[in-house]
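What follows draws every value from the coordinates through simple rules; no lab data is involved. Everything numeric here is computed off the predicted structure, so don't read it as measured data. Methodologically, a virtual Cβ is constructed for each residue, glycine included, from the backbone with ideal geometry; neighbour enumeration extends over all protein chains shown.
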Amino acid sequence: MKKWLPLILVVAIAFWAYNKSVGFYNTATNLKEEATSKWANVESAYQRRADLIPNLVATVKGYAAHEKETLEGVIKARAEATKTTINAGDLTPEKMAAFQKAQNGLSGALNKLMVVVERYPDLKANQNFLELQSQLEGTENRIKVERDRFNDEVKGYNKFIKVFPNNLFAGWFKFAEMGYFKAEAGSEKAPKVSF
């Protein structure tokens with residue numbers, strides 16, 4: 001029996017390591033897929049916003065034709081935002097920052113457009129504009145909710161792959177840290193709006 005003890009010990013350790021690595025891999029894969037799914041929801045919410053913008057611009061254009069520069073700025077920012085995409089399987093902090101920068105440009109252009117709208121009482125009373133504005137506000141709320149959900153999933157995944165001994169398995173299986181969706185620099189200060 002003594003001569004079998006080392007073999008039994010090696011088999012037991014191998015069995016434990018196998019079970020631990022399979023458990024890690026499956027859990028990490030599930031957590032990453034959940035975060036990736038939440039990212040798809042973020043992109044969907046941004047796409048909804050991008051889809052609303054042409055209708056909003058067309059409605060404003062009818063009332064504020066001489067605000068050409070602002071309208072063109074919104075159209076350009078929309079094009080830039082929709083062209084910047086991220087592969088859901090490669091959500092690095094750098095790529096998240098580039099995506100967020102494009103989306104922030106669109107948000108800024110929309111804010112300028114809403115300031116312009118304040119100058120046109122007839123437009124503010126237009127039913128189509130009011131419905132579009134309401135949909136846009138609802139979409140902005142959805143975007144915030146989806147970003148929060150995404151960050152929650154990323155947090156769970158990142159914590160899982162960073163704790164010992166999971167960090168060892170993460171390196172072996174090439175599970176990398178995912179980037180969070182972060183607030184734009186300076187957004188902690190309330191913007192000044194003047195009419």
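Normalised by the number of residues in the range 37-173, what is the relative contact order in percent for Cα pairs under 8 Å and 6+ residues apart? Intermediate results must be reported in sequence, preceding the final value.
Working: 92 pairs, mean separation 51.2, N = 137.
Across the range 37-173, relative contact order equals 37 percent.
Treating only the Cβ of Lys, Arg, Asp and Glu as charged (+1, +1, -1, -1), what charge dipole size does the chain show about its Cα centre? Round to the nearest 20 debye. Walk me through the numbers before you get to the answer.
Numbers: 28 positive and 22 negative charges, 163 e Å.
Using only the charged Cβ atoms, the result is roughly 780 debye.
Between SER107, VAL10, GLY171, whose Cα lies farthest towards the positive end of the dipole of the chain when Lys and Arg beta carbons carry +1 and Asp and Glu beta carbons carry -1, centred on the Cα centre?
VAL10
Using DSSP to call loops (not H, G, I, E or B), can you name the GluC sites (Glu not before Pro) in the range 82-179 whose Cβ has at most 13 other Cβ atoms within 10 angstrom?
On the way: sites: GLU94, GLU118, GLU131, GLU137, GLU140, GLU146, GLU153, GLU177; in loops: GLU118, GLU177.
Filter output for the range 82-179: GLU118.
In the Gaussian network model of the chain, springs joining C-alpha atoms below 10 Å, which of GLN103, GLN127, GLN47 carries the largest mean-square fluctuation?
Per the Cα network of the chain with a 10 Å cutoff, GLN127 tops the list.
Round to a whole angstrom and tell me the spacing of the C-alpha centers of the range 3-60 and the range 81-113.
Using only Cα atoms, the two centres lie 22 Å from each other.
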